[in-house]
Amino acid sequence: MTTHVAGPVATLYRARSWLWLAFAVPAAVLAGLIMVALPPDQTLDDLGEWAFKISPLVFATLAVATFPRGRFGPVLVVLGVLAYMGYVDTALILRVLDYGTAREVGEAGGFQTVYQFQLFVVSYLVLFGLIAFRLGGARTATVLKVGVASVLLVVSGLNDLGFWLLYAWPDGRPETLDWASHIVVFVGGPPGVVTAVVFLAVHLALAVAVLVAPVERWVDERVTRPAR
């Protein structure tokens, strides 16, 4: 026998049927500001801008983790695939084509739009995996752990090191990753390869720590207790 325990965690648990909206609304508003209202920008200037740019993904992760599970799960997953194939995939290709056309006619800039939308695609893929996991039966605490670990991987610099390693640099690989501005705002300057690897290792360690943390047990202890 168990009984509900008073407290903020238990209160949030009892409000779980609508709690996801409290996170989904700011996620949508912030994403709209970044993707539509503000001009695309490839470079982060400070930690405040970094936090602002990552905030839609964080709020959306919280929304997915608290999204109600139901019989419409398979339909929602298929709709996610439909949205990707019907809009996201084509929108990215169109931006790449526009950038290629601009370069052919000698116009400067244009890559910022491609870069901005590519970040949106990354967020979409992370959230799609999380919503499928949630609708497949995963509990909120577990989805939240996977989501936080995934966000840590997104900002870990793994793709920047991959670009440094895989790109065919005409003059040889550079000594610093000047384009990795989200690392720059943390370390104070363009990171060298060793710094970028350490930055990645720290985020990987944090992701593993999040995944193995006993969050589910901690939540259970605050939601219910043995009846006396």
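The values are calculated or read from the model by the stated rules, or taken from the named source; none is laboratory data. Model, not experiment: these values are computed from the prediction. Here the Cβ positions follow ideal geometry from the backbone for every residue, glycine too, while neighbour counts run over all protein chains shown. Keep in mind that these areas ignore ligands, DNA and RNA; they rest on the heavy atoms of the full protein, side chains included. Shrake-Rupley method; radii C 1.70, N 1.55, O 1.52, S 1.80 Å.
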| query | Which of these, Phe186, Phe72, Phe111, has the largest mean-square fluctuation under a Gaussian network model of the chain (Cα springs below 10 Å)? | reply | Phe72
| query | Hey, can you list the DSSP H helices of the chain whose Cα span along the axis is 27 Å or longer and whose average Kyte-Doolittle score is at least -0.5? | reply | 111-135, 193-212
| said: Given the -39500 (n - 2.57) contribution per DSSP H run of 4+ residues, what per-residue ellipticity at 222 nm results for the chain, rounded to the nearest 500 deg cm²/dmol? | reply: -22000 deg cm²/dmol
| Low-density loop positions, GluC sites (Glu not before Pro), region 93-191 - DSSP coil, at most 12 other Cβ in 10 Å | Glu107, Glu175
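For Glu49 and Leu33 in the same chain, what is the full-extension length gain: residue separation times 0.36 nm, less their Cα-Cα distance, in nm? Could you put the intermediate results ahead of the total?
Numbers: separation 16, 0.36 × 16 = 5.76 nm, distance 1.29 nm.
Full extension from Glu49 to Leu33 adds 4.5 nm.
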| task | Whole number in Å², please: accessible area per residue of the chain, 1.4 Å probe, ligands, DNA and RNA not counted. | result | 60 Å²
| Of Gly73, Ala60, Leu92, whose Cα points farthest to the positive end of the dipole of region 49-117 (charges on the beta-carbon: +1 Lys, Arg; -1 Asp, Glu; origin at the Cα centre)? | Gly73
| query | Where the centre of each part is set by its Cα atoms, how far does region 78-122 sit from region 125-155, in angstrom? | reply | 25 Å
| message | Given R₀ = 22 Å, what would the calculated FRET efficiency be for Glu216 paired with Leu125, taking r from the Cβ atoms and rounding to 0.05? | response | 0.30
